[in-house]
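Asks: Structure in structure tokens, see below.
Readers should treat all values here as calculations from the given coordinates under stated rules, not as data from a laboratory. Bear in mind that the values here come from a model prediction, so they are computed numbers and not experimental data.
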């Protein structure tokens with residue numbers, strides 16, 4: 001895969017690999033994504049450093065989807081809108097003005113390490129491991 005531009009048909013979630021909340025969110029996504037639409041890359045990976053155009057902010061989730069890069073609350077709305085059974089929630093959140101959504105996002109992101117402890121080694125099923133992009 002070209003590190004500068006993932007294929008448009010592949011959706012990639014870039015997340016803080018050292019964040020317990022982020023890791024739980026990634027687990028929630030792959031468990032509810034039976035079509036395997038989403039792939040995952042840690043923000044600490046060489047892939048993320050090569051691909052994300054600006055300085056990487058570890059308190060921000062990035063999602064490449066349908067040829068566009070989304071961040072923060074817009075990324076969350078996009079992910080929810082693509083997950084079976086959660087489309088309604090993504091649509092509902094999208095009705096909230098982005099500055100208000102992003103304020104809530106930043107509030108949670110600021111306290112994310114206190115909300116959930118850092119991740120421990122967890123076993124990812126082999127059929128899901130291929131969806132993680134590593135260096």
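Asks: Before rounding to the nearest 500, sum -39500 (n - 2.57) across all DSSP H runs of length at least 4 in the chain and divide by the residue total; then give [θ] at 222 nm in deg cm²/dmol.
Replies: On the way: 7 runs with 58 residues, N = 135.
Taking each H run of at least 4 residues, the total per residue is -11500 deg cm²/dmol.
Asks: What is the projected area of the convex hull of the Cα atoms of the stretch 5-58, averaged over all directions, in nm²?
Replies: 3.9
Asks: May I have the extent of the alpha carbons of the chain along their three principal axes, as whole Å values ordered from largest to smallest?
Replies: Cα extents, longest axis first: 35, 32, 31 Å.
Asks: For a quick check, take a GNM of the chain with Cα springs below 10 Å and name the residue from 13, 100, 37 with the largest mean-square fluctuation.
Replies: In this elastic network of the chain, the residue with the biggest mean-square fluctuation among 13, 100, 37 is 100.
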